[in-house]
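Written below as structure tokens is the structure these notes are about.
The values are calculated or read from the model by the stated rules, or taken from the named source; none is laboratory data. If you're wondering where the values come from, they're calculated on a predicted model, not measured in any experiment. In this analysis, Cβ positions are derived from the backbone assuming ideal geometry, glycine residues included, and neighbour counts consider all displayed protein chains.
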Amino acid sequence: MASTYIKTQAERCGMTEDESNSEGLMDRQTTGEDRVRMTARQLSEPRTANWIASEADWSHEPTKRVLERLVDDGILHRDEGGTHTTYYPDYRRQAMQEAMRLRDSEHTVEELTDRLADMKTQIRDWEDEFGVESPNQLRGTLADESLDADEEDRRREIAREWEHLQRRIQIVGFAIREWDFLTPTTEPAQASS
């Protein structure tokens, strides 16, 4: 039920299935390194090598080697400040690359503007339906003992999707604001004298 809900919401907001649910990529024939790279690049919060290895369905040591190469290449950051070393992507790089993909896609700026409006409408609908203003406030409603298990699962899934839409809104909004700047160039840039 949850994956159908996400797919429906993704289609409503104009996202492809791959944008909304990366599990399809994991089901295809990929190497362990490919799965680690895909998992690491899609992190929305810092995660340990063990967590990434588990998600990528690969063993710890090779996962750690791939993560270290990604750190060396500047694709991931490593944080050793906590009890466990965690890894997270360069969110600025991710956002810029996604904005460039949106600009280079077949979408027009008007279509992206409509997509942005749809995502914002969806969030307003959830705010109205549940009487909350954030995904965490929605999670807080799970304490209501009158909710059945299906409704709890639905609210958890909506909270995750809400956070996802908040990130998408920022990226799509950036792509719209910087539409002209993100225009692909056909000639190399020339240095001014």
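Brief remarks on what is shown
- Of all residues in the stretch 131-175 being among the hydroxyl-bearing types (Ser, Thr, Tyr) and not in a helix (DSSP H, G or I), the one that is surrounded by the fewest Cβ atoms within 10 Å (Cβ to Cβ): Ser146
- Test: Asp128 is touching a residue at least 12 places away in the same chain (Cβ under 8 Å), among the acidic types (Asp, Glu), assigned by TED's automatic domain parsing to the domain that holds Glu163 and part of a helix (DSSP H, G or I): no
- Restricting attention to the stretch 56-68 and to residues that are charged (D, E, K, R) and loosely packed, with under 14 Cβ neighbours inside 10 Å, the residue that is nearest to Arg35 (Cα to Cα) turns out to be Asp57.
- Looking at Thr30, Thr83, just one residue is over 15 Å from the mean Cα position of the chain (by Cα), assigned to a loop (DSSP other than H, G, I, E, B) and either at pLDDT 95 or above or surrounded by 13 or more Cβ atoms within 10 Å (Cβ to Cβ) (or both), and that residue is Thr30.
- Annotation: Met100 fulfils all but one of (1) modelled with pLDDT under 95; (2) assigned to a loop (DSSP other than H, G, I, E, B); (3) in the same structural domain as Ile169 (by TED's automatic domain parsing); the unmet one is (2).
- Residue in the stretch 105-119 that is modelled with pLDDT under 90, hydroxyl-bearing (Ser, Thr, Tyr) and not in a loop (DSSP other than H, G, I, E, B) present: no
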